[in-house]
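Input: a single structure, listed below in structure tokens.
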């Protein structure tokens with residue numbers, strides 16, 4: 001009877017060892033193919049939303065400066081680069097690096113890539 005028990009134990013341990021080796025192999029193959037660094041589809045939505053919020057926040061900050069300018073001078077500025085405190089990188093979307101659109105009639109600052 002001892003021989004039968006040892007054979008069953010050996011088969012189970014062999015299957016478990018093969019399972020562990022298979023898991024390690026799939027992990028290594030996934031890592032080497034570059035799939036481990038990708039963001040899964042479920043996680044990409046919150047990341048994209050955070051980028052959109054960052055962009056729109058910067059556009060609203062610039063709009064506030066436009067509004068302060070209009071209160072002080074009674075009109076909207078002709079261009080966004082008239083402000084002394086803003087540098088060229090402030091006038092671009094932090095995500096796509098495209099320049100913000102500006103309507104001098106309404107004072108609206110819009111990102112071409114992240115509509116409101």
Segment 98-112, subset touching a residue at least 40 places away in the same chain (Cβ under 8 Å) and assigned to a loop (DSSP other than H, G, I, E, B), residue surrounded by the fewest Cβ atoms within 10 Å (Cβ to Cβ):
107
Please tell me if residue 51 is more than 26 Å from the chain's Cα centre (by Cα), modelled with pLDDT of 85 or more and either surrounded by 10 or more Cβ atoms within 10 Å (Cβ to Cβ) or within 22 Å of residue 115 (Cα to Cα) (or both).
no
Hits in segment 59-91 (condition: crowded, with 16+ Cβ neighbours inside 10 Å and either in a helix (DSSP H, G or I) or modelled with pLDDT of 90 or more (or both))
59, 62, 63, 65, 66, 69, 76, 77, 80, 90, 91
Could you please let me know if residue 116 is in contact with a helix residue (DSSP H, G or I) (Cβ under 8 Å, 6 or more places away or on another chain) and either modelled with pLDDT of 90 or more or not in a helix (DSSP H, G or I) (or both)?
yes
Looking at 87, 95 in this structure, which one is within 17 Å of residue 116 (Cβ to Cβ), without any contact (Cβ under 8 Å) to a residue 60 or more places away in the chain and in the same structural domain as residue 115 (by TED's automatic domain parsing)?
95
State yes or no: is residue 35 at pLDDT 90 or above and either surrounded by fewer than 14 Cβ atoms within 10 Å (Cβ to Cβ) or on the phi > 0 side of the Ramachandran plot (or both)?
no
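The values are calculated or read from the model by the stated rules, or taken from the named source; none is laboratory data. Since the model is a prediction, treat every value here as computed from it, not as a measurement. Using ideal geometry, Cβ is built from the backbone for each residue, glycine included, and neighbour counts are taken over all protein chains shown.
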